[in-house]
1. Could you tell me whether region 194-210 includes any residue that is assigned to a helix (DSSP H, G or I) and either touching a strand residue (DSSP E or B) at 6+ places or on another chain (Cβ under 7 Å) or closer than 18 Å to V251 by Cα (or both)?
2. What number of residues in region 253-279 are within 26 Å of G41 (Cα to Cα) and within 16 Å of the ligand (Cβ to nearest atom)?
3. Just checking, how many residues over region 105-133 are acidic (D, E) and within 16 Å of the ligand (Cβ to nearest atom)?
4. For G232, state whether it is within 23 Å of S276 (Cβ to Cβ) and among the small types (G, A, S).
5. Name the pairs whose Cβ atoms lie under 6 Å apart, with the first residue in region 228-240 and within 11 Å of V40 (Cα to Cα), the second outside any loop (DSSP other than H, G, I, E, B) and within 14 Å of the ligand (Cβ to nearest atom), and 6 or more positions between them or separate chains?
6. Could you run through region 34-51 and say how many residues are within 25 Å of the chain's Cα centre (by Cα), more than 11 Å from the ligand (Cβ to nearest atom) and under 20 Å from G66 (Cα atoms)?
7. Take the residues of region 237-291 that are hydroxyl-bearing (S, T, Y) and surrounded by fewer than 16 Cβ atoms within 10 Å (Cβ to Cβ): which is farthest from G369 (Cα to Cα)?
8. Which numbered condition trips up Q54, out of (1) without any contact (Cβ under 8 Å) to a residue 24 or more places away in the chain; (2) within 19 Å of F123 (Cβ to Cβ)?
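We did not get these values from a lab; they are worked out from the coordinates using the rules stated. Computed from a predicted model, the values in this text were never measured in an experiment. As a convention, Cβ positions derive from the backbone with ideal geometry for all residues, glycine included, and neighbour counts pool all protein chains shown.
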Amino acid sequence: MKTYRIGVIGLGQRIAHVLAAMQEMDWKLELAGYVDPAPVGAPILERAGIALGQAFATPADLIAAGPYDLLMIGTPNHLHFEHINLALDAGWPIFAEKPIVRTAGETLALAGRLAKGDAPPLFIGLVMRSMPIVREVIARVARGDLGEVVSIDATEHLAPEHGGYLARNWRRRAEWGGSYFLDKVVHDFDILGCVAGARVARVASFGGRRVFTADRAERAPRTWSDGEAAYGEMDGGWMGANDAFQSDMDVTDHQTAILEYENQVRLTFHANSHTSLPERRWYVAGTEGTMIADLARNKLMLRPALSRKKPERIDYGGVTDDAHNGADQAMAIDLLAAMEGRAAFPVTAFDSMEAGLTVMAIDEALETGEVLDCRPMWARYDEARKAPASRS
Ligand SMILES: NC(=O)c1ccc[n+]([C@@H]2O[C@H](COP(=O)([O-])OP(=O)(O)OC[C@H]3O[C@@H](n4cnc5c(N)ncnc54)[C@H](O)[C@@H]3O)[C@@H](O)[C@H]2O)c1
């Protein structure tokens, strides 16, 4: 098997975990070089026994030292557009983390560029697509096990340390992360779009910050029941703030959304970044059956609407502390298969842009307090895909 020569822009926790999973899944790889002023992922790579390779000051320097078999992009979200464009110019296969880009304007510009059809492969780390439970959810819906999908209720509830990390890390600022939903639940809206089987037509959203606020800094409990200090478990990383309550956070810490898809599927979503009963769950009700996908416990439950038998239950096991439940390893296998031309990667760059736009529409509705008609947004996107824009 060949050894893949890899270059990385943004060697944070995420790319380090993906590289470690690739190695675990029998990739032969050499991290030839990276660009990162302070690589947060270095200790993760050290534990995985992967040498850091050469440090370069700029992406241009890294690219000049090519060729690479794969360029990997794991910078904070506001830099994805710039780094993806540089990597596209270089012309080697690219793996970029989600969300593919941070704004609607960047999405249209990238859609125009990719529509030209001459781009190298661009794989996006919407890692849940590779999970066996998620593949089964999509397959069962596609094969009609639920009849027609009618309505969906979905959640993502994070544990307090995770929320505290989001409130200290770069994700706390819209200028870097985009939004709570864009960084955290774009995965869910990608897959829920597949389950609904249409684009979102109308959306409303309510949310705000009521947990990680300065006025709670003094009165919020700061100690776990066993006496350990709370909210500092994970390092704040790049542009990190010291305190979860007194940072300059401007994104939500809880948010709800209600969506109607073009085919009249209706969906509610509830996210909260500070809960003691963490959950990531999709409840899908169809004309002929119901399904609950419990992503936190990696369990699926289904029953035909008129069945009096026990529900069918599938336990995928492999629940891990990082809550990824083997997804990174599954994606590493998919990525190798795609690189070797044996199978298509489970998600395309266009799927990733559509999931991103769906979440951006939710955030726009949150901002305006109105029900947002998404048709003009899709019209602009389809236009961008039809008439490739030249990069400015
Ligand atoms: N697919 C998933 O499940 C998943 C999970 C976590 C993160 N992510 C995504 O991965 C990306 C990185 O997140 P993370 O958790 O690793 O964050 P992180 O803070 O651990 O890593 C970001 C890295 O980028 C570096 N960096 C900042 N500015 C840079 C620049 N100009 N040039 C080069 N490097 C620069 C930082 O020093 C840091 O090492 C984000 O887009 C995030 O949304 C995806």
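1. yes
2. Within region 253-279, residues that are within 26 Å of G41 (Cα to Cα) and within 16 Å of the ligand (Cβ to nearest atom) number 2.
3. The initial filter retains those residues of region 105-133 that are acidic (D, E), namely 106, 118.
Filter again for within 16 Å of the ligand (Cβ to nearest atom), leaving 106.
Selection size over region 105-133: 1.
4. Details: within 23 Å of S276 (Cβ to Cβ): yes; among the small types (G, A, S): yes.
Against the criterion (within 23 Å of S276 (Cβ to Cβ) and among the small types (G, A, S)), G232 qualifies.
5. Listed pairs, sorted by first residue: G236/R168; W238/W170.
6. 1
7. Checked region 237-291; the qualifying residue farthest from G369 (Cα to Cα) is T287.
8. For Q54, the failing item is (2).
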